[in-house]
1. As a footprinting exposure proxy, order H42, H163 by other Cβ within 10 Å, with the fewest listed first.
2. Within the set K83/K153; K83/K165; K47/K153; K137/K165; K47/K111, which residue pairs have Cα atoms separated by over 30 Å?
3. Mind checking the alpha-carbon convex hull of the chain and giving the volume per residue in Å³?
4. Using Cα positions and a limit of under 25 Å, work out the lysines in reach of K27, with same-chain residues fewer than 8 apart set aside.
5. Hey, what angle do you get for helix 83-100 against the long axis of the chain, alpha-carbon based, 0 to 90 degrees rounded to 10?
Amino acid sequence: MSDQITTLIMYCIPALIVGSVAFYFFKIHIQNEDRKRLFLLHKENQKFSLPIRLQAYERMTLFLERITPQQLFLRIPPRNLSKKEYEMVLVNSIDEEFEHNLAQQIYLTPKLWNIIRTAKAATIQMIRKVAYNDEVKDAEGMAQAIFTEFVDKSTPTANALSHLKDEVRQILA
């Protein structure tokens, strides 16, 4: 009887070892297949999401270009507006542009979105600062004062555009 138990154990131990090794390799194979499937799914999704993301970056580039003071004044000339009216028209234009592109934030990194929001706020703040300057008498003078302010330094939108371009380069690299 003890010989039969010993023989049974002798047959079971190799079977358990072979079973354990087979289970281990099967588990690794399943994990590799899952990773492969996820990779292929990610690759397939990227085919569709990359063009959409790039389009979002393009739209935000357009937004930043459109709210650059020089472009803003070309699109909305001072004409016969008072300083206060011109300030409101400029700020409303920036806000409308921003609201029109609000959905693009889901395709951008949070860091870039905050930089774009900051550029928008800084541009509005700069317009308001010049509008409340008592030395500036009219809308023409307001446009001229803002132009002069950015002769030697870059606009807030130029900084945001730089970050946006860097992020696009990272995506495409």
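1. H42, H163
2. Details: K83/K153 24 Å; K83/K165 35 Å; K47/K153 40 Å; K137/K165 38 Å; K47/K111 24 Å.
Pairs exceeding 30 Å: K83/K165; K47/K153; K137/K165.
3. Numbers: hull volume 29.0 nm³, N = 173.
Per-residue hull volume (Cα only) is 167 Å³.
4. Cα-Cα hits under 25 Å: K36, K43.
5. Result, in degrees: 20.
All of the numbers you see were taken from the coordinates with simple rules; none came from a lab. Source: prediction; values computed, not measured. Positions of Cβ are generated from backbone atoms using ideal geometry, with glycine treated the same way; all protein chains shown enter the neighbour counts.
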